[in-house]
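There's a structure below that I have some questions on.
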Amino acid sequence: MSEIIQIINARLVEGNSLVSRSLWIDSLAGIFVPSPDPALVKVKVVSTIDLQGRILSPGFIDLQINGAYGFDFSEDASKDAAGVSYKNRYSETRQKLIKTGTTSFLPTMTSQHAERYHQNLPFLGPSKSRNPFEGSESLGAHCEGPFFAHNRMGVHLPEAIQSSGPSSEPELVIRTYGASNLFNTTPPNSQEQESEPGKIPSHVRMITMAPERPGALSTIQQLSNKGIIMSIGHMAANYTQAAAGIKAGAKMMTHLYNQMNPHHHREPGPLGILGGTMDINPENETKVILEENDSLHHAHHDPRPTRPYFGIIADGHHVHPASIRLAHLTHPEGLVLVTDALMLLGGEDGTVDWLTRRLTKKGIKVMLEGTDIIAGSCVTIPQCINNFRKWTGASIPAVLQAVTSRPASILGMENVKGSLRDGADADFVVLSEEGVLGQSVSELVVDQVWKFGVKVFDRDLE
Ligand SMILES: [Zn+2]
């Protein structure tokens, strides 16, 4: 027996539009369902909720978040034998995170030694539970590092990156994270006929690595073939090397602009691949013409065959608003808003210990103590959405796609997450538009958050 909730008077995010229509949820199964047969409505509908014209968006998905509310996903999980303290603090963080509208996320580990990955990754894999009260749902871990360019480390632990050596051969990469954290080796059960053992990602869903290190392209190819989402970043790559990473199977660029070579008109760097990955050789005019034609020919069949998705941190510090606008105008279908938030999100200003270093937080800005090196952010997805909307003039549906359907597509989960379609998980956010004095663009405010068809946050009740 299902329990159907009908939502009326909502403006739903559907593609590029806000559409006024009813929505139906099976609150026991936790999914969106088609409008039920009118003859059955009386017996099945348990409640009708009138949203009075407010916006209903799929729940937000954050592909890059290092920690929040005093907890760092990379901290030592082995402080007690069973990791009880780590598990409890992780659980508390997920409970708080969901109140921001982030119903799913990739818990992100910064660059660590192999032992830390082996200890922590088993805790950070996909949540699997469909209990709506467990907070934001992990869709698998994001390992950001340690296979980075040594001159593009940012605030990542230098000793972890340096100890990874100069190469990124598949065997070394797999050993560092642990094969069991990367590949699920349990045989498929009868419901998963199409999956083969070893092709189902285990705890790790995404890896960021520099594509120019020896062995990196082969690793990108092997791991992406096994279902792990590869993203290039913290790299010294030029245009050609970045393009090679995408051609090898990487789908994304991690925090565009930050920790990569800047654009130059004669050496476009990784930013150049936002326009595509054509092999243009300026020394050879014939080749240019042939390959341009070839690329246009492919473009006819697939408008963006090799243009990567890219993360953007829209906190106002990592990237100038004009650069964000430029990236958005260049490749709007590629842009994903990520927070890159640290454990200091939700905390007081001041200086604190962080792994082996010290960080200073001032508002939403976090720097390595005594330097001007940006260490990460303290923003939430709603703050990123509002900044992005203000700086680019993008429509509300376009902005919301950058934190819902687009990250879901990157993860290959477009039928399950980031969508209001029938059968998708009923993870959603109810948003109000509030005017701001002296600002022509309204702010979107999270009024309610629903997880698996159950309301888990209501601003009016806080
Ligand atoms: Zn980073």
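Quote the FRET efficiency, to the nearest 0.05, computed for Thr48 versus Val436 with a Förster distance R0 of 30 Å and r equal to the Cβ-Cβ distance.
Values: r = 32 Å, r/R0 = 1.08.
E(calc), rounded to 0.05, equals 0.40.
Also, quick follow-up: Mind giving me the FRET efficiency for Ser163 and Thr330? R0 is 30 Å, r the Cβ-Cβ distance, nearest 0.05 is fine.
Details: r = 37 Å, r/R0 = 1.23.
Working from the Cβ atoms, E equals 0.20.
On to the next question. Can you sort Leu345, Leu18 from fewest to most other Cβ atoms within 10 Å of each residue's own Cβ? Mind showing how you got there, number by number?
Working: Leu345 26, Leu18 17.
Listing Leu345, Leu18 from fewest to most nearby Cβ atoms yields Leu18, Leu345.
Given the peptides 445-453, 91-99, arrange them by the average over their residues of other C-beta atoms within 10 Å, most packed first. Write out the running numbers ahead of the final one.
Details: 445-453: 21.8, 91-99: 19.7.
So the peptides 445-453, 91-99, ranked by packing, come out 445-453, 91-99.
Which peptide among 171-180, 390-399, 52-61 comes first, and what is the full order, when sorted by highest mean count of other Cβ atoms within 10 Å? Intermediate values should be presented prior to the final figure.
Numbers: 171-180: 16.7, 390-399: 19.1, 52-61: 22.1.
Ranking, from highest mean packing down: 52-61, 390-399, 171-180.
Assuming R0 = 22 Å, can you tell me the calculated FRET efficiency for the pair Asn151 and His265, based on Cβ-Cβ distance, to the nearest 0.05? Mind showing how you got there, number by number?
Details: r = 22 Å, r/R0 = 1.01.
FRET efficiency, Asn151 to His265: 0.50.
Given only helices, namely DSSP H runs of n ≥ 4 each adding -39500 (n - 2.57), what is the per-residue ellipticity at 222 nm of the chain, to the nearest 500 deg cm²/dmol? Please list the in-between numbers first.
Details: 13 runs with 120 residues, N = 462.
Only helices count here, giving -7500 deg cm²/dmol.
For Asp460, Asp425, what's the fewest-to-most ordering of other Cβ within 10 Å of each Cβ? The partial results should precede the final answer.
Values: Asp460 6, Asp425 24.
If I rank by nearby Cβ atoms, fewest first, I get Asp460, Asp425.
What helices in the chain pass both tests, a Cα length along the helix axis of 27 Å or more and a mean Kyte hydropathy of 1.0 or higher, using whole DSSP H runs? Display every interim value, and only then the final one.
On the way: long enough: none.
Passing helices, by number: none.
Ser91 versus Ala322, label points 7 Å from Cα toward the beta carbon: distance in nm?
5.0
Let me ask you something else. I need Thr330, Thr356 ordered by Cβ neighbour count within 10 Å, fewest first.
Thr356, Thr330
Please give the contour-minus-distance gain from Glu115 to Asn131: 0.36 nm per residue of separation, less the Cα-Cα distance, rounded to one decimal in nm. Mind showing how you got there, number by number?
Details: separation 16, 0.36 × 16 = 5.76 nm, distance 3.08 nm.
Result for the pair: 2.7 nm of gain on full extension.
Follow-up question, since we're still on this one. Using only alpha carbon pairs under 8 Å that are at least six residues apart, calculate the relative contact order of the stretch 68-421 and give it in whole percent. Before the final figure, lay out the partial values.
On the way: 674 pairs, mean separation 46.3, N = 354.
Computed value for the stretch 68-421: 13 percent relative contact order.
Something else about it: Out of all DSSP beta bridges in the stretch 331-411, what portion is antiparallel? Express it as a percent rounded to 5. Please list the in-between numbers first.
Values: 12 of 13 bridges.
Of those bridges, close to 90 percent are antiparallel.
Using a simple charge model, +1 on the beta-carbon of Lys and Arg, -1 on the beta-carbon of Asp and Glu, nothing else, what dipole does the chain show about its Cα centre, in debye to the nearest 20? Don't jump to the answer; show the numbers that get you there.
Details: 40 positive and 49 negative charges, 65 e Å.
It comes to approximately 300 debye.
Here are some pairs, Lys96/Lys455; Lys390/Lys451; Lys96/Lys417; Lys128/Lys247; Lys96/Lys361; which of them have Cα atoms lying more than 24 Å apart in this structure? Display every interim value, and only then the final one.
Details: Lys96/Lys455 14 Å; Lys390/Lys451 28 Å; Lys96/Lys417 20 Å; Lys128/Lys247 32 Å; Lys96/Lys361 20 Å.
Over 24 Å apart, Cα to Cα: Lys390/Lys451; Lys128/Lys247.
Here's a follow-up. Under a crude label model (7 Å from the Cα following the beta-carbon direction), how far is Asp80 from Ile364 in nanometres?
A separation of 3.6 nm, rounded to one decimal place.
At what distance in nm do the modelled label points of Lys455 and Thr351 sit from each other, each positioned 7 Å from its Cα along Cα→Cβ?
The two pseudo-label positions are separated by 4.6 nm.
If you don't mind, another one. Let me know the shape class of the chain, please: from the alpha-carbon gyration tensor, a ≥ b ≥ c as square roots of the eigenvalues, rounded when a/c is under 1.5, otherwise prolate if a/b is greater than b/c, or oblate.
Details: a/c = 1.43, a/b = 1.29, b/c = 1.11.
Rounded.
Going highest first, how would you order 75-88, 238-251 by mean Cβ packing within 10 Å? If you can, show how the numbers build up before the last one.
Values: 75-88: 13.6, 238-251: 21.4.
Final packing ranking: 238-251, 75-88.
Coordinate-derived values only; no laboratory data. Since the model is a prediction, treat every value here as computed from it, not as a measurement. Cβ coordinates were reconstructed from backbone atoms using ideal geometry, including for glycine residues, and neighbour counts include every protein chain displayed.
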